[in-house]
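S.K.: Starting off with a structure, shown below.
Every read-out reported here was derived from the displayed coordinates using simple, explicitly stated rules and does not represent laboratory data. Fair warning: this is a prediction, and the values are worked out from it, not measured in the lab. We place every Cβ from the backbone using ideal geometry, glycine too, and count neighbours over all the protein chains shown.
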Amino acid sequence: MEKGVGKDLIINILLTIFGYIPGNIIEKYRKGIIHAFYVILRY
């Protein structure tokens, strides 16, 4: 068994998690900001 495979796999999993979570948070903030502008402009 090669030692490099396990390390690469862990790095890939971490990159996937760290890539997914910020994208999710940014998407929620973007929707929140758009909603806030909609509410402000409506009144």
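S.K.: Dipole of the chain (Lys/Arg Cβ +1, Asp/Glu Cβ -1, origin at the Cα centre): which of ILE33, LEU15, TYR43 lies farthest to the positive side?
M.R.: Value computed over the given set: TYR43.
S.K.: Per DSSP H run of at least 4 residues, take -39500 (n - 2.57); add these up for the chain, divide by its residues and hand me the 222 nm value, nearest 500 deg cm²/dmol.
M.R.: Calculated mean residue ellipticity at 222 nm is -34500 deg cm²/dmol.
S.K.: Compute the helix-to-body angle for 3-42: its Cα long axis versus the longest principal axis of the chain, expressed 0 to 90° and rounded to tens.
M.R.: On a 0 to 90 degree scale, this one is about 0.
S.K.: Now, a different point. In debye, nearest 20, what is the charge dipole magnitude of region 1-42 about its Cα centre with +1 on Lys and Arg Cβ and -1 on Asp and Glu Cβ, if you could check?
M.R.: In debye, rounded to 20, region 1-42 gives about 280.
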